[in-house]
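**Q** Sharing a structure with you now.
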Amino acid sequence: MTLSATHPLLDGRTADSPLITAYRGGTPARRPVWFMRQAGRSLPEYLKARQGIGMLESCLRPELAAEITLQPVRRHDVDAGIFFSDIVIPLKLAGVDVDIVPGVGPVLGSPVRTAADVAALPRLTEEALEPIREAVRLTVAELGSKPLIGFAGAPFTLAAYMVEGKPSRDHLGPRTMMHADPDAWQALTAWAADASGMFLRAQLEAGASAGQLFDSWAGSLGLADYVKHVAPASSRALDHVRGLGAPLVHFGTGTSELLVAMRDVGVDVVGVDYRLPLDEANRRLGGTTPLQGNIDPALLSAPWDVLEAHVREVLAAGAAAPGHVVNLGHGVPPETDAGVLTRVVELIHSVEP
């Protein structure tokens, strides 16, 4: 697997950008920053663009997905776009009955709980991913020297939605299935790994310069269960993109005890949520892994002097790592004042790398 000669990583556009430099452990020209969920409900232009259009439909209209991806880059001067999509898009494109219900989240027509349910799942095809490739091509053409980050949901998080049939607080269904029916669980996570891996590869081949695997719900797992029942599938998902040469990032929430295992599935960068200081994350990872994170989203609504002090603490803690890309320790809350995010970016860029 190789990227084309006209890919932004290979034709001179993004290889030396602050983001890619930091992901590769170098010293960038300025401190790179982007925000998870930077494209979304905190922006009035996003609400206007999506008016009357469902979430999954928005993701599958290439021109609209590209526009939404570009909005926060224009507004905030962040150092990367994060591809606007949803982790269940590969399910939708494969033909699984799934929708995003406002105020609820992903809901499946019928949960996947038995070996027979898994065997009946449709397969994602390369042809079905064409709207994703087109959206990436349109986005990258506008971004110029700024990289686009592709993303996919990690197999555990996808499988958790599939087993529960909807969002869950404790993920008891998937945690039970991995022990009660390990063969069915392994088959389900392998299916999810291939769907996510193909989704991520389509983005990278079409022009994304890095990829991030989001494991939103892995924090519900103990280390032993993660290593035995989840890490092999995450590694399988990454196998789809491993040879491309694009930096790969792994992020989960509530995963402070899993950081080494998450790194060891084979990624270049580990994202850290707001619960663990970056200098401690760096210590746990042996001082060899670039980090991403980890401003606490709760502080975005605090007085500016409180937020500024916190941002400076994050920058100082991140300096211990071999590379640091500033981000939030989770996504941008919908009620965030967009002007505050712009001000945070200006602050980060004002501090010498």
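**Q** Share of the range 234-353's accessible area from carbon and sulfur, percent, 1.4 Å?
**A** That share works out to 50 percent.
**Q** For 55, 262, give me the order by solvent-accessible area with a 1.4 Å probe, most accessible first, ignoring ligands, DNA and RNA.
**A** Accessible-area ranking of 55, 262, largest first: 55, 262.
**Q** Quick one: putting +1 on the C-beta of Lys and Arg, -1 on the C-beta of Asp and Glu, what dipole do you get for the range 283-346 around its Cα centre, in Debye to the nearest 20?
**A** 380
**Q** Sketch the reach of a paramagnetic label on residue 104 as a point 7 Å from Cα along Cα-to-Cβ, and name the residues of the range 32-67 whose backbone nitrogen lies under 16 Å away.
**A** So the set is 54-56.
**Q** At 0.36 nm per residue, minus the direct Cα-Cα distance, what do residue 115 and residue 275 gain on full extension? Give it in nm, one decimal, please.
**A** Working it through step by step, the gained length comes to 53.9 nm.
**Q** Antiparallel versus total DSSP beta bridges in the chain: what percent is that, nearest 5?
**A** 15
**Q** Taking the alpha-carbon centroid of each part, what is the distance from the range 276-353 to the range 82-105 in angstrom?
**A** 29
**Q** Continuing with the same structure: If each residue of separation counts as 0.36 nm, what is the full-extension length gain between residue 141 and residue 235 once their alpha-carbon separation is subtracted?
**A** Full extension from residue 141 to residue 235 adds 30.8 nm.
**Q** Just how large is the dipole of the chain about the Cα centre, in debye to the nearest 20, putting +1 at every Lys and Arg Cβ and -1 at every Asp and Glu Cβ?
**A** About 160 debye.
**Q** Tell me which of 219, 156, 246 sits at the most positive position along the dipole axis of the chain, charges placed on C-beta atoms (Lys, Arg +1; Asp, Glu -1).
**A** 246
**Q** Of 178, 272, 147, which is farthest along the charge dipole of the chain in the positive direction, counting Lys and Arg as +1 and Asp and Glu as -1 at C-beta?
**A** The listed residue farthest towards the positive side: 147.
**Q** Next up: Ignoring ligands, DNA and RNA, how do 215, 225, 279, 97 rank by accessible area with a 1.4 Å probe, largest first?
**A** Putting 215, 225, 279, 97 in descending order of accessible area: 97, 279, 225, 215.
**Q** Next up: In sequence order, what are the phi-derived ³J(HN,Hα) couplings for the range 157-167 according to the Karplus relation 6.51 cos²θ - 1.76 cosθ + 1.60 with θ = phi - 60°, rounded to whole Hz, with x for glycine and proline?
**A** Going residue by residue, I get 5, 4, 5, 4, 4, 5, 6, 6, x, 5, x Hz, with x marking Gly and Pro.
**Q** Mind checking the per residue accessible area of the chain for me, 1.4 Å probe, whole number of Å²?
**A** Value for the chain: 38 Å² per residue.
**Q** A further question on this structure: When ranked by the protection proxy of mean other Cβ atoms within 10 Å per residue, highest first, what sequence do the peptides 122-132, 201-211 form?
**A** Most protected by this proxy first, the peptides run 201-211, 122-132.
**Q** Expressed in nm to one decimal, what extension gain is obtained for the pair residue 346 and residue 309 from 0.36 nm per residue of sequence separation less their Cα-Cα distance?
**A** 11.9 nm
**Q** For a label point 7 Å from the Cα of residue 180 along Cα→C-beta, name the residues of the range 97-116 whose backbone N is under 11 Å from it.
**A** Of the residues in the range 97-116, 113-114 have backbone N under 11 Å from the label point off residue 180.
**Q** Related question: Suppose every Lys and Arg Cβ carries +1 and every Asp and Glu Cβ carries -1, with no other charges. What dipole size does the range 1-152 come out with about its Cα centre, to the nearest 20 debye?
**A** The calculation lands at about 520 debye.
**Q** While we're looking at this one, here's another question. Semi-axes of the equivalent ellipsoid for the range 255-329, please: Cα gyration tensor eigenvalues, times 5, square-rooted, ordered largest first, whole Å.
**A** They are 23, 12, 9 Å, listed largest first.
**Q** Give the aspartates and glutamates reachable from residue 92 as a straight Cα distance under 18 Å; neighbours fewer than 8 places away on the same chain don't count.
**A** 57, 117, 126, 127, 130, 134, 164, 194
**Q** How would the range 17-70 be classified by its alpha-carbon gyration tensor: rounded, prolate or oblate, with rounded meaning a/c under 1.5 and the a/b versus b/c comparison settling the rest?
**A** Since a/c reaches 1.5 and a/b is larger than b/c, the shape of the range 17-70 is classed as prolate.
**Q** How much of the DSSP beta bridge set in the range 200-304 is antiparallel, as a percent to the nearest 5?
**A** Given both bridge residues lie in the range 200-304, the antiparallel proportion sits at roughly 0 percent.
**Q** Also: For the range 3-45, build the charge dipole from Cβ charges (+1 Lys, Arg; -1 Asp, Glu) around the Cα centre, then report which of 38, 5, 20 sits farthest towards its positive end.
**A** Farthest towards the positive pole: 38.
**Q** Now a separate question. Rounded, prolate or oblate for the chain? Axes are the square roots of the Cα gyration tensor eigenvalues, ordered a ≥ b ≥ c, and the cut-off for rounded is a/c under 1.5.
**A** Rounded shape, in that the Cα axes give a/c under 1.5.
**Q** Just report the Cα centroid separation between the range 150-225 and the range 1-67, whole Å.
**A** Computed from Cα coordinates, the inter-centre distance equals 22 Å.
**Q** Add -39500 (n - 2.57) for each DSSP H run of 4 or more in the chain, then divide by its residues: what number comes out at 222 nm, to the nearest 500 deg cm²/dmol?
**A** Helices in the chain give a 222 nm mean residue ellipticity of -12500 deg cm²/dmol.
The values are calculated or read from the model by the stated rules, or taken from the named source; none is laboratory data. This one's a predicted model, so the numbers in the text were calculated from it and none came from an experiment. All Cβ positions, glycine included, derive from the backbone under ideal geometry; neighbour counts span all protein chains shown. Quick note on the areas: whole protein, heavy atoms, side chains included, nothing else; ligands and nucleic acids left out. Shrake-Rupley method; radii C 1.70, N 1.55, O 1.52, S 1.80 Å.
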